[in-house]
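The values are calculated or read from the model by the stated rules, or taken from the named source; none is laboratory data. Predicted model only: the values in this text are computed from it and were never measured. Please note: Cβ atoms are built from the backbone with ideal geometry, for glycine as well, and neighbour counts cover all protein chains shown. For accessibility, only protein heavy atoms count, side chains too; no ligands or nucleic acids. Shrake-Rupley method; radii C 1.70, N 1.55, O 1.52, S 1.80 Å.
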Amino acid sequence: MVSSITINAPSSTANLGPGFDVFGLAVDAFYDTVTLTKTKNGISIVTDDNIPTNPQNNTAGLVVKNMKNKFKIKDGIEIKIKKGIPAGYGMGSSAASAAAAAVAFDKLFKLKLDNNSLVEFAGYGEKASAGTVHYDNVAASVLGGFVIVKTNPLNVTKIDAPTNLRMCIAVPKLVVPKKKTKVSRGVIPKNVKLTDSIVNLSNASAIVAGFLKKDLDLIGNSIKDVIVEPARQHMIPGFSKVKANALKAGATGVTISGAGPSVIAFSKKSSNLKKISQAMSKGFTSTKTESQVVICKPSKGAVDSK
Ligand code: ADP
């Protein structure tokens, strides 16, 4: 009888510009590792990382709590979390723990859930970090590749990302507020102009077409958001400079990764990725902010650690 299972789940970038709350892409920059072990009773969290250990406030804890109730599981469960993804930087850190927990729970109790159900259970965990359920990061982290989230009812489409797609992600060394996602959701306008929504809809549709046609230029040129990015960019010191520098160095499209403060530049395997990375770093340095730039590829989803 299997009593323990370990899953690795990748970091992810949400939105990709115009696809707010709808698009996600799994990236191989960082991974979280979650081990679920059956115990006598209760739910406990074991971690050396600086994240909440009360299951109610931890994204993996909330997933396990909800799935345990839903499937009337009597066993207790220990959740061991090893964070590889820095929390609070828009790299889908809270989502990866939730994704790994949902996939591990499914395997440990042989539930054989379909993809939409796994994403739905994982998305519930985001309540612990963002205050609301949202599926863009968890869908990417569970399934890998590029994902499109349709809600009511939840239906997630996964498209394999072009293998020559590359991203440079600049993670600024800023102190992020505890409830950053909640805060950055608060600055988004409640109403938008029809003309702006048309621009975003057109770019979002073109991004989907770009992934389907494996057209990196179409993807990059369509990473343009006239609604959320303008409202949030003031929260990232040096954003316009980082963006302009990356585009000048050859990136095809640049935007905020998820709720930020990381900035993501889309490019190709054949681009000068080092030049783009250095240009982004310089952009942050112009406002005396240090940053770590990671060059990454699309990732597969949450899988057994073996
Ligand atoms: P990210 O984009 O990195 O997920 P968020 O701001 O959305 O950033 O989430 C980070 C917040 O979620 C932090 O306040 C962190 O304490 C909380 N959190 C709860 N559970 C986890 C977890 N398992 N992993 C990472 N962060 C978690």
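Summary table below
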item	result
Overall Cα dimensions of region 76-147 - principal axes, largest extent first, Å	33, 28, 22
Shape call, region 172-306: gyration tensor on alpha carbons, a/c limit 1.5	rounded
Pair K150, K193: separation of 7 Å Cα→Cβ label points (nm)	3.1 nm
Between region 9-76 and region 123-147, the Cα center-to-center distance that results, in Å	9 Å
Rg in Å to one decimal, and Dmax rounded to a whole Å, for region 98-256 via C-alpha atoms	17.3, 51
S197 accessible area, assembled protein chains, probe 1.4 Å, Å²	40 Å²
Full-extension gain in nm, V303 to K110, via 0.36 nm per residue minus C-alpha separation	68.0 nm
Convex hull of region 13-170 built on C-alpha atoms - directionally averaged projected area, nm²	9.1 nm²
Contour excess over end-to-end distance, with Cα ends at T39 and F71 and 0.36 nm allotted per residue	9.9 nm
Surrounding net charge for T39, when Lys and Arg each add one and Asp and Glu each subtract one, Cβ distance under 9 Å	0
Among S3, F284, F266 - extreme Cα towards positive end, dipole of the chain, charges at beta-carbon	F284
Rh by Kirkwood over Cα pairs, then Stokes-Einstein D for the chain at 1.306 mPa s and 10 °C, µm²/s	83 µm²/s
Shape of region 132-177, Cα gyration tensor, a/c cut at 1.5	oblate
Nearby lysines by direct alpha-carbon distance to K178 (threshold 25 angstrom, same-chain neighbours under 8 apart not counted)	K65, K80, K82, K83, K127, K190, K288
By accessible area with a 1.4 Å probe, ligands and nucleic acids excluded, highest first: order of T255, T132, T35, T285	T285, T132, T35, T255
Per-pair calculated FRET efficiency, R0 = 41 Å: Q278 and V46 via Cβ, rounded to 0.05	0.55
